[in-house]
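Visitor: Handing you a structure now.
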Amino acid sequence: MRTDYTDVFRDSAAVDKYADEVYANGTFSSVVSERQRQWLRGFITEAFDDAPEHHDFACGTGRVARMLDGLVRTSHGYDTSEAMLAKAHALGTPGQLHVIDEDGPLPTSDSRPTLVTMFRLLLNVSDAVRDRALDFAAGMLPDADSGLLVCENHGNARSLRHLRKALGPGETDWFNELSRAEVERLFDRHGFELVTTQGFSLLTQGFYRHAPLKWVAPSLDGLLARTRLGTAFATDVLYVARRRR
């Protein structure tokens with residue numbers, strides 16, 4: 001399994017492909033992203049009495065900050081890749097963008113309330129990077145009343161995606177998976193507790209690519225994702241957490 005995605009996205013060509021092809025209009029990733037945007041905006045409006053300050057760890061091209069534009073006081077995006085941040089700036093990402101080191105001191109903020117987000121990070125990195133990400137969140141959210149953490153898992157182990165790995169021919173260790181239990185253990189190690197989860201795609205990318213399924217998959221998947229079954233077995237899941245009291 002690859003865990004070197006941080007190094008991959010230091011290359012501007014890889015960043016351009018990620019932003020312009022993976023998230024091109026109509027792709028699986030862009031459709032899921034739009035569902036996330038709609039849900040997040042509704043959730044944040046209900047969860048916070050006042051507009052929170054937003055801190056996005058491993059912000060990449062700034063997608064989450066653009067999702068939340070107008071709902072937060074300001075956004076701060078942090079990434080180790082200057083190429084990613086340059087793309088975020090080119091795409092008109094609001095707020096402030098910060099280059100951070102892979103180790104050493106992490107940024108903090110005294111502003112409250114606070115929203116911390118981590119999208120497309122936890123799945124494809126080492127345990128050390130996951131722990132550093134949650135250290136960042138713990139620093140930004142020191143207590144249960146300081147705000148919320150939202151993490152994405154875009155490779156849920158309890159999904160149709162898992163069947164591809166379990167039933168695939170030959171080498172089975174060809175993509176990463178992350179279970180809810182693993183996410184909860186990560187939260188627990190850093191003093192967080194799970195508040196809620198929401199799924200965004202019960203189907204996998206293949207359904208969106210191949211006729212005739214690709215003509216019906218997005219609308220069908222959108223309906224399924226709103227159900228309890230959709231969240232339990234979703235390929236892509238958001239986990240909302242807060243610090244334990």
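The values are calculated or read from the model by the stated rules, or taken from the named source; none is laboratory data. Since the structure is predicted, the reported quantities are computational estimates derived from the model, not experimental observations. Virtual Cβ from ideal backbone geometry, glycine too; neighbours counted across all protein chains shown. All accessible areas refer to the heavy atoms of the entire protein, side chains included, with ligands and DNA or RNA removed. Shrake-Rupley method; radii C 1.70, N 1.55, O 1.52, S 1.80 Å.
Visitor: How do D103, D110, D143 stack up against each other in accessible area, from largest to smallest, with a 1.4 angstrom probe?
Guide: Working: D103 110, D110 145, D143 70 Å².
Of D103, D110, D143, the descending order of accessible area is D110, D103, D143.
Visitor: Could you check the spin-label model distance between A24 and R209? Points 7 Å from the Cα along Cα→Cβ, value in nm.
Guide: Inter-label distance under the simple model: 1.3 nm.
Visitor: Taking the Cα-to-Cβ direction at T45 and at E193 and moving 7 Å from each Cα, how far apart do the two end points lie in nm?
Guide: Modelled inter-label distance: 2.9 nm.
Visitor: Which whole-number percent is the relative contact order of segment 5-243 (Cα, under 8 Å, 6+ apart)?
Guide: Relative contact order comes out at 18 percent.
Visitor: Sorted by accessible area with a 1.4 angstrom probe, largest first, how do E53, E34 fall?
Guide: Of E53, E34, the descending order of accessible area is E34, E53.
Visitor: What accessible area per residue comes out for segment 5-243, rounded to a whole number of Å², with a 1.4 Å probe?
Guide: 47 Å²
Visitor: Here are a few candidate values for Cα extents along the principal axes in Å: (1) 62, 37, 35; (2) 51, 39, 34; (3) 64, 42, 36. Which one was actually calculated from the structure I just gave you?
Guide: (2)
Visitor: With +1 on each Lys and Arg Cβ and -1 on each Asp and Glu Cβ, and nothing else charged, work out how big the dipole of the chain is about its Cα centre, in Debye to the nearest 20.
Guide: 980 debye
Visitor: Can you figure out the FRET efficiency of T227 with D131, using R₀ = 45 Å and their beta-carbon distance, to the nearest 0.05?
Guide: That pair, T227 with D131, gives E of 0.85.
Visitor: Let me ask you something else. Express the carbon and sulfur contribution to the solvent-accessible surface of the chain as a percent, rounded to the nearest whole number, probe 1.4 angstrom.
Guide: Exposed carbon and sulfur together represent 50 percent of the surface.
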